[in-house]
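The values are calculated or read from the model by the stated rules, or taken from the named source; none is laboratory data. It should be emphasised that the depicted structure is a prediction, and the values quoted were computed from it without experimental measurement. Neighbour counts run over all protein chains shown; Cβ positions are idealised from the backbone, glycine included.
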Amino acid sequence: MINNQVKGEHKFKGLNSGVQGYKNYKKLYPKTKLTRKEYAEILEEYFKEARDYILDGGEYTVPFRLGTLKAIKVKGDLKKLKVDWGETNKLWKRDTEARENKQLVYHLNEHSGGHYYKIHWVKNNAVVRNISRVSFIPVRGKAGLKGKLPAKIKNERKDYLRRK
């Protein structure tokens, strides 16, 4: 971490992107021969390994004592069903009356007995002030953690422990 910290500024600020992280790395280690591209490849490989570990049922400990990440199984609440926008858009293309009435199609998760799965951040041992105001949002897309979780459950019939 860089020590010239402005009052009120968090010491981890600037580590949220590969570009800024590389700049900070170069400040700490100016004699390094590691290029920005190599740095990005290392980060990408590291996060792929962490993602795969979580998806295989592991509990990943986040560095700097920021807690742990794990995949969990949660019983779905019928009052809070998630909208299946893909199916809703297909319905609206087929049926103009459904579109006018804003009829929605919901995920019932019948394949998993009404359960849904999510990546859960356990903050119990984290040492950050106001950690209840901090959130973790997994990356979407096929390569991201949020995109790979449903595929893993459907293709491999992976089942995770229920949340306590």
Notebook entry, point to check: Which is basic (Lys, Arg), at pLDDT below 75 and within 20 Å of residue 73 (Cβ to Cβ), of 129, 163?
Noted result: 163
Note to self: Cβ-Cβ under 6 Å, sequence separation 6+ or interchain: first residue in region 73-84 and in contact (Cβ under 8 Å) with a residue 12 or more places away in the chain and surrounded by 11 or more Cβ atoms within 10 Å (Cβ to Cβ), partner charged (D, E, K, R) and in a loop (DSSP other than H, G, I, E, B). Which pairs?
What the structure shows: 74/163
Notebook entry, point to check: Does any residue in region 146-164 that is closer than 16 Å to residue 53 by Cβ come within less than 6 Å, Cβ to Cβ, of a residue that is at pLDDT 70 or above and among the β-branched types (Val, Ile, Thr) six or more places away or on a different chain, and which pairs are these?
Noted result: 160/72
Note to self: Six or more apart or on different chains, Cβ atoms under 8 Å: show the pairs whose first residue is in region 21-45 and closer than 19 Å to residue 145 by Cβ and whose second is among the small types (Gly, Ala, Ser) and assigned to a helix (DSSP H, G or I).
What the structure shows: 40/18; 43/18; 43/21
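Rundown of residues vs (1) in a strand (DSSP E or B); (2) within 15 Å of residue 117 (Cα to Cα); (3) touching a helix residue (DSSP H, G or I) at 6+ places or on another chain (Cβ under 8 Å), yes/no style:
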residue	(1), (2), (3)
20	no, no, no
30	no, no, no
34	no, no, yes
43	no, no, yes
49	no, no, no
54	no, yes, yes
65	no, no, no
71	yes, yes, yes
